[in-house]
Structures are given as C-alpha cells and as structure tokens.
Amino acid sequence: MLKLDCRHLKNFIASHEYSTIKSQIERAHKFLHSEESFCDNIGWVELPRNYDVLEFNKIIEVAKKIQKDSDILVVVGIGGSYIGARAAIEFLKSDLYNNLPKNTPDIYFVGNSASASSLSDVLELCKDKRISLNVISKSGTTTEPAIAFSVFKEFMEKRYGKKDACSRIYCTTDIEDGDLKSIANENGYETFAIPRNVGGRFSVLTAVGLLPIAVSGANISELMRGASIAHDNLLDEDLEKNHCYKYAAIRNILYRKSKQIEVMAFFEPRFSFLGKWIEQLFGESEGKDHKGIFPTSMIFSTDLHSMGQFIQDGSKNIFETMLFIDHVGKDITVNDNDQIKSLDFLKGKTMSWINKKVFESTAIAHSDGFVPTLILHAKDAFETTLGYIFYFLEKACAISSLVMGVNPFDQPGVESYKKNMFALLGKAGYESRKEILIKKLNKC
Ligand code: PA5
C-alpha cells in the first residue's frame, strides 16, 4: 500500500552499509515487539488490532450526533492532540474542507496558540451557528488549550445554558487523571479516554484523532483497517521485505553521513498538514540528546519556486523523501485554447499526469544535485491508505529513533517550555523557577 522506491539512492548508499545497520534495526524491532518490553509508551504498536471496540462505536455514534445537531465542530488541542486529526481531514477531504459545499459540519482547530486574535476570529465564525466542542488534552493541564476551552465553555454556556451546553461538549483525555477529567466529571460531559500507553504524537488512531475525523464524514473503520494491514505487513525484520525498516535504516545511514535535514515533499496542497504531523512525530521523537534529523515539509510545485533553489544547489546536508500518490481524486484536462499557444504541447493532457512529471523531473534534478532522494509511493488517497501511512511512519519513526540511540517516547524539551510558562504566568508551585527565570530575563 506504501512502497519505498530507492532508485535515486544508488550513488549515496552502498549495499554493505545496510548489512552494518541490520542488527541495530533488529534490536529496535525486538524492543517494540517483545512481550516483556519495559516501555510503557508502545500501546500504539498493537492498537490497530487491539483497540477498544465499545469506545470506537461510541465515537461513531457521537460523530453522527454532532453531524446532525451542529454546523461547526470546534476542536481544542495542541501538538499531538490536534495535528493528526487536521492532517487526516485535509488529506481525505480537502485543505479547503470548511469552504467547500458539504453536508458535514465545518471543523475549526483552536487552542494551538496563545493568540487572542485567532481565537476571536473563530468565536466570530461561531456566532449564530450550532456548535459542538471537542476538547482534547492527554495531560489535561496544557495552558493554551485550557484557555481556549475556558473561553468556549463560557461562550457555549451563554448560548445554550449550562445544561444544554453540557450535551455539546466532549472531552478526550486521560481515563481518570488531570484537570480536564475532573471538569468533565463535575459537569457530566461525555468523555473519551486516551490510552495511557499511547503518547500524544502517536495518538491519531485513538479518540484524539478519530472523533474529529469521523465528524468530517471520513470512514474511520477503513482508517483502522489500513493501519492494521500495515501492522501485519511491517513485522518482518528483513530490510528488503520491510520497507518501513528500510526507510528507518536509510535515515540513519544518511544521518551518519551528515545529512541532518529531511525534506518531506508532497505534490498536493491537501497533504500539507500531513507534513506538519510528520514534522511533529519525527521532531519530538528524535530531536533530543543533541541528536536528530531536522524534519521539514514542503509542497511542490509551490515550494519549488521558493525553497527549490536551496535544495538543488545549497548546502549538502539535506536528503529528501517524496510522498507521491497516483490518484488523489478529481482531475482536469488542459483544454484546446487558441490564445494560449505556449500550452499547445499539453493539449488533452490531464493535470494529474502533469503533476507526475513534476514529481519525476524534480526527483531526478535533486538527486543529480547530490540530494539523496527517497520515494514513498501509494496508489490512492483513501482512508485505508492513510491508515497505512500513519502506522508506517509511526513505526519508522520509533525504529529510526531507537537506532539513533534516543528515547522516541518522551519530550523533555516541550516539558521545559511548559514549566517555564507555568512559572512566568505565576502558577502555584513554580515560585523558585519563576525567580530564576526573572533573573535570566533581566540579564538579557
Ligand atoms: O506528542 C506529545 O506528547 C505532545 O505534542 C502533546 O501532544 C502536546 O504537548 C499536547 O499535550 P496534551 O495533550 O497533554 O495537552
């Protein structure tokens, strides 16, 4: 369903380099699959085959209710608590999902910044509309979504009254801990549990991602089926048979050759949030202990006319992974236009064919420009394929991080900014940290 094509890599990696890294990949595989694994963050590995069916059915039911009783679903969350859902909705529907005619609610994502202006805009859009709210936070304590939630809770209580607002607010959080869980209990909100052993950026296939995705009308059963196929297909330790492990191996081989930046390139604007999801997945998992490949994502042709120059001709510390999908949906044929002579040679050609030529020419140009270029290739952009892509990349990320010698499942860097913010905002318990920070700020 997702194939790794290494035809442009021959000049960059010799076959013996795969043999050298093979044993490290096998060790990483055992870490993820051993029943005695001491790691308590690998619930996502078996998730596609072992999810809570009752919870899944409840997601489908609630999504139907929201579709019926709401014009807008507001999703409150940050990082792993929103990017996956947005990536899936745009990938499966459109990056213009909210603007296109449809019979499902508009979906807005808030609480992912501390911007009052952006939150006010969404409040404005919600005026006179029927609203539901899905607030998502695993810890239940993250500041930005907590603020957005409190603003929207007030907005909805004013609009509907406390009791009716309650039937339109859905909380996705830890099964028993955290402020959000306590608020949900006190108010009687419907809740969905984020499994304890699934970390934020690995949680798109839990209620975190599934509820908003289902509200958009996408088929979440097919999404899970795709992930389950990936689970079964990606168990072989043999690099030649397991494209996910081969991708993880290649990333590490290139990293050891000072390729420190990975450009994930897509050829469809509606995949741009999948790019954001990949940036977060790999960036937060791998970027620690002063190690890691810096992940960035681009949309071609758009970025060929901005960053293309640098990739082709700039510093040689970049490698590129292109995700190309054959059939993405609608197509347009270039018509017979007497006035635009410069398009004569394209008459009758489809834009999807032309886009494929953009991809092929760019892959050759960049690898000729000494940029190792990998291709991930899929046939269609339906739910099953996306489920496969999510799982493939989660596993590639975990294996790649383990081979690099970092713990993929923590995010100490994110925690330190969160704690500094609590201190500077005056939260109780952070007084001594605040004193140190104020001294540092005064020195600057
Ligand atoms: O991957 C992660 O763990 C993080 O990106 C979290 O998802 C993000 O910090 C949001 O955390 P929370 O869901 O606890 O509000």
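Here the Kirkwood formula puts the hydrodynamic radius of region 111-208 at 13.9 Å, using every distinct Cα pair. Entry comment: accessible area of region 252-345 is 51 Å² per residue, from protein heavy atoms only and a probe of 1.4 Å.
The residues packed around residue 322, meaning those with a beta-carbon under 14 Å from its beta-carbon, carry a net charge of -3 if Lys and Arg are +1 and Asp and Glu are -1. The packing ranking, built from the mean of other Cβ atoms within 10 Å per residue, places the peptides 18-25, 98-105, 282-289 in the order 282-289, 18-25, 98-105, highest first. In the context of the full set of protein chains, residues of region 353-418 present 33 Å² of accessible surface per residue (probe radius 1.4 Å, heavy atoms only). Over the chain, all Cα pairs binned in 10 Å intervals from 0 give whole-percent P(r) values of 4, 20, 29, 25, 16, 6, 1, 0, listed from short to long. With Cα atoms as the point set, region 176-300 shows a radius of gyration and Dmax of 18.0, 55 Å. Between the Cα long axis of helix 53-69 and the first principal axis of the chain there is an angle of about 80°, rounded to the nearest 10. Entry note, the chain: the mean residue ellipticity at 222 nm calculated from DSSP H runs of n ≥ 4, each adding -39500 (n - 2.57), is -15500 deg cm²/dmol after division by the residues and rounding to the nearest 500.
Here the 3J(HN,Hα) profile of region 355-372, calculated from phi with Karplus coefficients 6.51, -1.76 and 1.60 at θ = phi - 60°, is 4, 5, 5, 4, 4, 5, 5, 5, 4, 5, 4, 5, 6, 5, x, 6, 10, x Hz, Gly and Pro shown as x.
Once you list every other residue whose beta carbon is under 9 Å from the beta carbon of residue 384, what net charge do they have if Lys and Arg are +1 and Asp and Glu are -1?
Residues close to residue 384 contribute a combined charge of -2.
For the chain, with all protein chains in place and a probe radius of 1.4 Å, 53% of the accessible heavy-atom surface sits on carbon or sulfur. Taking the average, over residues, of other Cβ atoms within 10 Å as the packing measure, peptides 75-88, 312-325 rank 75-88, 312-325 from highest down.
Accessible surface area normalised per residue over region 97-224 is 42 Å², counting heavy atoms of protein chains with a 1.4 Å rolling probe.
Packing around the peptides 127-133, 194-200, taken as the average count of other Cβ atoms within 10 Å per residue, puts them in this order, highest first: 194-200, 127-133.
Legend: residues 222, 176, sorted from most to least accessible area (1.4 Å probe; ligands, DNA and RNA excluded), read 176, 222.
Near residue 431, once Lys and Arg are set to +1 and Asp and Glu to -1 for all other residues with Cβ below 14 Å from its Cβ, the sum equals +4. Averaging the Cα positions of each part gives two centres, and for region 1-34 and region 361-423 these lie 15 Å apart. Based on Cα contacts under 8 Å between residues 6+ apart, the chain shows a relative contact order of 21 percent. Comparing Cα centroids, region 180-251 and region 54-110 end up 16 angstrom apart. Taken over region 93-190, lysine pairs spaced eight or more positions apart, or on distinct chains, with alpha carbons under 16 Å apart number 10.
The values are calculated or read from the model by the stated rules, or taken from the named source; none is laboratory data. Source: prediction; values computed, not measured. When we count neighbours, we look across all protein chains shown, and the Cβ atoms used for this are built from the backbone with ideal geometry, even at glycine. Protein only, heavy atoms only, side chains kept; ligands, DNA and RNA dropped before computing areas. Shrake-Rupley method; radii C 1.70, N 1.55, O 1.52, S 1.80 Å.
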